[in-house]
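A quick write-up on the structure given underneath.
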Amino acid sequence: MLTYTIRRLLIAIPTLLIIGLAIFLLLELAPGDPMAQVPLTVPPEVKQAMREALGLGEPIHVRFWKWLVQILVVEPLNLIDTIFNTTFAEGKLRIISWQTRSPVMEIVAQRIPQTLWVVGMSYVVGVLIALPIGIISAYRQYSVFDQVGTFVSMIGYSVPPFFTGVLVIVIFSVQLGWLPSIYDTTLVVNDWDSFVLQLQQMVMPVMVLALQTTAQISRFMRASMLDNLNQDYVRTARAKGMSESVVVLRHVLRNSMIPVVTVIALGVPAVFGGAIITEQIFKVNGIGQLLITAIQANDLPMVHTLTFIFAILIVLFNLIADVLYGVLDPRIRYD
């Protein structure tokens, strides 16, 4: 297992380099100019000087190399300096946002807590609800519980978040007045009352996002459980006199979790990426809204960095899912 993990990590390095180059080239070829928002009264020579100050006058391969060094070397060193109070990155150039003129990673670090509060909590809630629904639906196939779970899952799959988001706002904020429709990102939780307010403003966005997560994972869990419930080892376990709870939870569930782990692991990077539509609806000042703002402003350094971070997370959690296969099923060996 250790050899396989090291081999996968080594393969991930050229993979991320190719992904980073593809992202960089695609965004460079995209239409738009960061100087487009500069007033028309600014002389052309001043605009040219501004472009050169942003590094736009350099060849594309030079800019890609500088960006790569900054994101893979300088930013991790800045993180180490922040945690351990060192000075490894002192004096080194950082990735600067064209829109805010601030270090990109500092802006990302400010937005991540809001995203994790809402999107991360919704993912955890969705997984915790989906797993027992999928298990019970498979064990009691075609029962009323299974039919209700299938109906709810179909709704979660088919209804887009921009519809459910507006619907819950109309019901719980406009009609009933129970919950705030706009997420207050400036709220500081320091006592019980502020904690209650935080929970109230999280309810609707978490509800909208958890519905999609529950629908997807519960269907995978149900299908995987049904595949294993009729296997020979299940009949053998029952023939040995094992209780039904032991058969289902210890034998069937463990084998059924293998494909579900892939779905859960690959969904985690989406948590850090934020829920773009839902964050826009509820005005959550998270990573998803930051990406949309950067794209609209043609802030290439911000878009480069965010998309590359998402690529790193996808590669990382793919590796975690593969390692968990060997933990869940002892028959799987990589060495």
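Brief remarks follow.
- Cβ-to-Cβ counts within 10 Å put V208, V69 in ascending order as V69, V208, the fewest first.
- Cβ-based exposure ranking for S181, S143, in which fewest neighbours within 10 Å come first: S143, S181
- When +1 charges are put on Lys and Arg Cβ atoms and -1 charges on Asp and Glu Cβ atoms, the dipole computed for the chain relative to its Cα centre reaches about 1000 debye.
- Of the DSSP H helices in the chain, those with a Cα length along their own long axis of 20 Å or more and a mean Kyte-Doolittle hydropathy reaching 0.0 comprise 2-29, 121-139, 144-158, 192-229, 253-273, 300-328.
- Residue-averaged [θ]222 nm for the chain, counting only DSSP H segments that reach four residues, each worth -39500 (n - 2.57): -22500 deg cm²/dmol
- Proxy reagent accessibility, fewest Cβ within 10 Å first, across H61, H251, H304: H61, H251, H304
- Label point at Q110 placed 7 Å out along Cα→Cβ; residues across the stretch 194-223 whose backbone nitrogen lies under 15 Å: none
- Distant-in-sequence amide contacts of I96, defined by a placed amide H-H separation under 5 Å and a gap of 5 or more residues or a different chain, comprise V104.
- Sorting 277-286, 144-153 by their mean Cβ neighbour count within 10 Å, with the most densely packed peptide first, gives 277-286, 144-153.
- Span from the the stretch 217-275 Cα centroid across to the the stretch 112-162 one, whole angstrom: 15
- Most mobile of W117, W178, W67 in a GNM of the chain (Cα contacts under 10 Å): W178
- Gyration tensor over alpha-carbon atoms, the stretch 68-194, equivalent ellipsoid semi-axes in Å: 42, 22, 15
- Percent of Cα-Cα distances greater than 27 Å, calculated over the chain: 59
No lab work stands behind these numbers, since they all come straight from the coordinates. As the structure is a prediction and not an experimental result, all values here were calculated from the model. Here the Cβ is made from the backbone with ideal geometry for all residues, glycine too, and neighbour counts use every protein chain on show.
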